[in-house]
Amino acid sequence: MDAVIEVRNLHRVFGKLHAVNGVSFDVGRGSVCGFIGANGAGKTTTMRMIATLDYPSAGEIRVSGYDVLGYPEKVRSLLGWMPDHFGNYANVTVLEYLDFYARAMGFRGKERQMRVQEVMEFTDLLPLAGRFSDKLSKGMTQRLGLGRALLHDPEVLIMDEPAAGLDPKARVELKHLIRLLAKEGKTVFISSHILSELGEMCDHLLFMDGGRLVHQGDAESLKDRGQEAGVSYYVVHVFGEPELLFNWVEMNPHVSLVESLKKGGKVEIDSSDPEKAAYVLSRMVSDGLKVIEFRREERNLEDAFIDMLEDVGRGGGAEIAATPPSLPS
Ligand code: ATP
């Protein structure tokens, strides 16, 4: 993989709290990479260190090959940072806001006008040019933040929880903008605590829990963990009383009831082998259950994520283990 962000054995300690605990990963150039974890998992802290806004307690971060501690200015020129919250100013219009930041970044004259115009076009802010920046909706504010982060045309965009608090329409617009950025060849590293928000839009997902990276892969690989674990799920509808199905499940050792439904139930079969599942299902019929529907149930991403966290909690699945180095006092 041509990695544009390389993180190696990263640690951040706040007093007694090990907020980031031996995290290593790569983000591929031109990819959209999702960073998932519950509140307090350590996502913002990791992103802030990548964006040169905080210092690692130990470990290494490179952006396009540049070490963030050795070359912070260079790294800042390569990165656009969109924090989860940022301040707007009273009585400053959208145009003035972006123009101010373009000036602060060193753009002058025609070039500055062009940069501001370009990001306003991209983020669809032109119709709002004269609107005061502190009087925007949440969705418009996010687009303004995105515009600000894109002013210097960075290679890599880091977005911390950009979809939080957005209504469904604004979310769709945001996803569209992110896909457009990816099409232009930019790398987008984006965090959320809601997996379904990122699942379909990311090429790669990183999962953090309690300061550690607990899984990485695409959305399908997360779902497949359940399959590897050797179980499969089926919704079974029966004609007549669903209790007949529940009783049958009780009598059969390789099947268990996960959820009772109006017309039957969702069952777990202790194998992901389709032949074994077919055998179990055919037994239901040959034992006299009047089955009117079998449906294989895809596990949704949230279920897969929760299962994975439970697995890690049991000490079963942490894929990236790291030995904490001796930390500076
Ligand atoms: P959220 O989705 O809530 O933003 P997160 O995954 O981004 O969560 P972080 O903000 O990175 O999590 O926080 C990780 C842990 O580090 C939390 O327990 C947080 O309280 C703590 N933390 C973060 N910054 C500091 C700081 N400057 N001083 C002390 N503790 C901090």
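Values for this structure:
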quantity: Every residue from the stretch 160-170 that is closer than 17 Å to Ser196 by Cβ and under 14 Å from the mean Cα position of the chain (by Cα); calculated: Glu161, Pro162, Ala163, Ala164
quantity: Scan of the stretch 175-200 for residues that are away from the ligand (no atom under 16 Å from the Cβ), of a type in the set (A, V, I, L, M, F, W, C) and open to solvent by 10 Å² or more (accessible area, probe 1.4 Å), ordered by number; calculated: Leu177, Leu180, Ala182
quantity: Matching residues, the stretch 24-41, being near the ligand (Cβ under 9 Å from one of its atoms) and open to solvent by less than 10 Å² (accessible area, probe 1.4 Å); calculated: Phe35, Gly37, Ala41
quantity: Members of the stretch 42-61 that are in contact with a Phe, Trp or Tyr (Cβ under 9 Å, 6 or more places away or on another chain) and more than 13 Å from the ligand (Cβ to nearest atom); calculated: Thr52
quantity: Wholly within the stretch 41-112, helices (runs of 4 or more DSSP H) carrying at least 3 residues that are within 18 Å of Asn21 (Cα to Cα) and within 22 Å of the chain's Cα centre (by Cα); calculated: 43-50
quantity: Conditions (1) within 21 Å of Met1 (Cα to Cα); (2) part of a helix (DSSP H, G or I); (3) touching a residue at least 60 places away in the same chain (Cβ under 8 Å): number failed by Gly185; calculated: (2)
quantity: One residue from Gly210, Gly165 being under 19 Å from Thr141 (Cα atoms), open to solvent by 20 Å² or more (accessible area, probe 1.4 Å) and either modelled with pLDDT under 85 or within 16 Å of the ligand (Cβ to nearest atom) (or both); calculated: Gly165
quantity: Residue among Asn21, Asn9 that alone is within 16 Å of the ligand (Cβ to nearest atom), of a type in the set (S, T, N, Q) and in a strand (DSSP E or B); calculated: Asn21
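The values are calculated or read from the model by the stated rules, or taken from the named source; none is laboratory data. Because the structure is predicted, anything quoted here is derived from the model rather than measured. Glycine gets a Cβ as well: all are built from the backbone with ideal geometry, and neighbour counts include every protein chain shown. Calculation scope for accessible area: heavy atoms of the full protein, side chains included, ligands and nucleic acids excluded. Shrake-Rupley method; radii C 1.70, N 1.55, O 1.52, S 1.80 Å.
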